[in-house]
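Everything below concerns the one structure shown next.
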Amino acid sequence: MNEFNNIYVGLDSHKATIAVGIAHDGREAPLYYGEIAYTEAAVAKLVKRLSKDGQTLHFCYEAGPCGYELQRQIQLLGHVCEVIAPALIPRKAGQRMKTDRRDALSLSGLYRAGELTPVWIPDRAQESIRDLTRTREDMKENELRARQQLGAFLLRHRRIYSGKSRWTQAHFRWLEQQVFSEPAQQLVLQEYIDQVSAMSRRVAALEQAMRQALEHWHWKPVVQGLMALRGVSLITAMTTVAELGDLTRFDSPRQLMGYLGLVPSEHSSGLTRRQGGITRTGNGHVRRVLVEAAWAYQFQARKTRTIERRAEQTSPQVQAIAWEAQKRLCGRYRNLLSVGKRKQQAVTAVARELAGFIWAIACEVQGKPHASKVIG
């Protein structure tokens, strides 16, 4: 292949069609190839036409709901294909027109100029675990919504549970004892109860499927290592690894924190430096579970039986990192509250540093070098 005659192809992919823009080496403006059907046969035909001289083509398209099947097909055909992070594509401030043609030409030109940022692409096995964890997350949201709907119905009719905890066996027995004078309302109550029970069973079934899938997953040692941390259960650990894959691909814990959107935003100019809330960029699934896990560090540091039982499956080095994390993060939470920070701000700061310890454990399990002090 002549490295000075590369061909860069921008694909603006949609459900049924793909707009194609082509840019050659040099300063010539990208050319619009046209629009093709989004089918395997049409894509293979496009690749064959563009690579008639035996050149390796460079394709790119934006990450989106169409997934990675297009990238995998092009890779199997022997060409380069990268999936681009949409949020990091340069945009012209004065541009007020957006069409498929313009998007395809812009992608090819920016790809040629090296202005695009590719995303990490999971393999099929990794993607299957990620789909499983995301489905469990969706079903959990449905369960919470069903519980809220049932609770709102009961509140409207002044049926208030006086027990200590809801959604326990005692609470469900109380629900079954509720009787309405109107048959329609009794039917509504039963439908809500059945919906909550059904969603709970689906969540439990998916969590059991996650445990079974973990036994045959090549990232099982990393997941077990992360579970030595306080607040990091099976759900949190599997979600983190399923979404991020090889954590050691990040050069430093700070890079991982930035990728998860847990670092403060900043707008500085000249002598003025302003910092705001966290950026909230990157993977929101991992950011959410880490913030949930960070709430466990509001209590005093101690090795509970549950944490010890999970830590027994890991090496002494991993256990040492997990204990160091617990001591530091519990103290960090209390110190932030003492200087006037709100609980939510303190928990977010703890989640940021927790990401650093997660990175250190992943490096330890995989035998990669890491600094003993992961937080500067």
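The values are calculated or read from the model by the stated rules, or taken from the named source; none is laboratory data. Here the structure is a predicted model, which is why all the values come from computation and not from measurement. Heads up, the Cβs are rebuilt from the backbone with ideal geometry, glycines too, and the neighbour counts pull from every protein chain shown.
Given the criterion in contact (Cβ under 8 Å) with a residue 12 or more places away in the chain and either surrounded by fewer than 13 Cβ atoms within 10 Å (Cβ to Cβ) or of a type in the set (D, E) (or both), identify the matching residue among K92, K15.
Details: K92 fails: in contact (Cβ under 8 Å) with a residue 12 or more places away in the chain.
After ruling out the rest, the residue left standing is K15.
Looking only at the stretch 161-180, which residues are at pLDDT 95 or above and over 20 Å from S200 (Cβ atoms)?
V179, F180
Here are R280, R273: which of them is outside any loop (DSSP other than H, G, I, E, B), without any contact (Cβ under 8 Å) to a residue 24 or more places away in the chain and surrounded by fewer than 17 Cβ atoms within 10 Å (Cβ to Cβ)? Even if it seems obvious, please write down each step before you answer.
Details: R280 fails: outside any loop (DSSP other than H, G, I, E, B).
Going through R280, R273 in turn, just one is outside any loop (DSSP other than H, G, I, E, B), without any contact (Cβ under 8 Å) to a residue 24 or more places away in the chain and surrounded by fewer than 17 Cβ atoms within 10 Å (Cβ to Cβ): R273.
Just a yes or no: is a residue in the stretch 151-165 assigned to a loop (DSSP other than H, G, I, E, B) and in contact with a strand residue (DSSP E or B) (Cβ under 9 Å, 6 or more places away or on another chain)? Can you show your working first?
Filtering the stretch 151-165 for residues assigned to a loop (DSSP other than H, G, I, E, B) gives 157-165.
Still in the list and also in contact with a strand residue (DSSP E or B) (Cβ under 9 Å, 6 or more places away or on another chain): none.
For the stretch 151-165, residues assigned to a loop (DSSP other than H, G, I, E, B) and in contact with a strand residue (DSSP E or B) (Cβ under 9 Å, 6 or more places away or on another chain): absent.
Please go through the stretch 44-89 and give me each residue that is among the β-branched types (V, I, T), within 14 Å of V119 (Cα to Cα) and surrounded by 17 or more Cβ atoms within 10 Å (Cβ to Cβ), ordered by number.
Those that are among the β-branched types (V, I, T), within 14 Å of V119 (Cα to Cα) and surrounded by 17 or more Cβ atoms within 10 Å (Cβ to Cβ): V83, I84.
Take the residues in the stretch 283-326 that are in a helix (DSSP H, G or I) and small (G, A, S); name whichever of them is farthest from the chain's Cα centre (by Cα). So that I can check it myself, show each step before the final result.
As a first pass, look at the stretch 283-326 and keep what is in a helix (DSSP H, G or I): 284-298, 305-311, 316-326.
Subset that is small (G, A, S): 284, 293-294, 296, 311, 320, 322, 325.
Working: G284: 5, A293: 15, A294: 17, A296: 21, A311: 25, A320: 27, A322: 23, A325: 23 Å.
The residue in question is A320.
For the stretch 253-267, which positions are touching a residue at least 12 places away in the same chain (Cβ under 8 Å) and not in a helix (DSSP H, G or I)?
To start, the set of residues in the stretch 253-267 that are touching a residue at least 12 places away in the same chain (Cβ under 8 Å) comprises 253-254, 256-265.
The answer is L260, G261, L262, V263, P264, S265.
Any idea which residue in the stretch 18-43 is surrounded by the most Cβ atoms within 10 Å (Cβ to Cβ), counting only those that are over 22 Å from L76 (Cβ atoms) and of a type outside the set (G, A, S)?
Going residue by residue through the stretch 18-43, those that are over 22 Å from L76 (Cβ atoms) are 19, 21, 23-32, 34-35.
Now drop any that are not of a type outside the set (G, A, S), which leaves 24-25, 27-28, 30-32, 35.
Numbers: H24: 14, D25: 13, R27: 6, E28: 10, P30: 21, L31: 13, Y32: 17, E35: 17.
For the stretch 18-43, the residue satisfying everything is P30.
The rows are residues; the columns are (1) under 30 Å from R288 (Cβ atoms); (2) out of contact with any Phe, Trp or Tyr (no Cβ under 7 Å at 6 or more places or on another chain).
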| position | (1), (2) |
| --- | --- |
| P86 | yes, yes |
| R91 | yes, yes |
| L105 | no, no |
| S108 | no, no |
| E115 | no, yes |
| W120 | yes, yes |
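Can you work out which of the residues in the stretch 150-166 that are surrounded by 15 or more Cβ atoms within 10 Å (Cβ to Cβ) and within 31 Å of the chain's Cα centre (by Cα) is farthest from Q185 (Cα to Cα)?
G151
Just give me the residues in the stretch 230-240 being closer than 15 Å to V365 by Cβ and in contact (Cβ under 8 Å) with a residue 24 or more places away in the chain, in sequence order.
Within the stretch 230-240, the first condition is being closer than 15 Å to V365 by Cβ, and the residues that meet it are 232, 237-238, 240.
Once the filter is applied, which keeps residues that are closer than 15 Å to V365 by Cβ and in contact (Cβ under 8 Å) with a residue 24 or more places away in the chain, the stretch 230-240 yields V232, M238, T240.
The conditions are (1) charged (D, E, K, R); (2) surrounded by fewer than 19 Cβ atoms within 10 Å (Cβ to Cβ); (3) over 13 Å from the mean Cα position of the chain (by Cα), and R230 fails exactly one of them. Which is it?
Failing condition for R230: (2).
I need the helices (runs of 4 or more DSSP H) fully contained in the stretch 166-229, keeping only those with at least 2 residues that are over 30 Å from E353 (Cα atoms) and not assigned by TED's automatic domain parsing to the domain that holds G151. Steps first, please.
Working: elements: 169-176, 183-215, 220-226.
Filter on the stretch 166-229 gives an empty set.
Regarding L76, is this residue in contact (Cβ under 8 Å) with a residue 12 or more places away in the chain and under 30 Å from E127 (Cα atoms)? Steps first, answer last, please.
Details: in contact (Cβ under 8 Å) with a residue 12 or more places away in the chain: no; under 30 Å from E127 (Cα atoms): yes.
The answer is no for L76.
Quick one: which of R130, R147 is out of contact with any His (no Cβ under 7 Å at 6 or more places or on another chain), closer than 30 Å to L247 by Cα, surrounded by 15 or more Cβ atoms within 10 Å (Cβ to Cβ) and not assigned by TED's automatic domain parsing to the domain that holds I22? Explain how you work it out, then say what you get.
On the way: R147 fails: closer than 30 Å to L247 by Cα.
The unique qualifying residue is R130.
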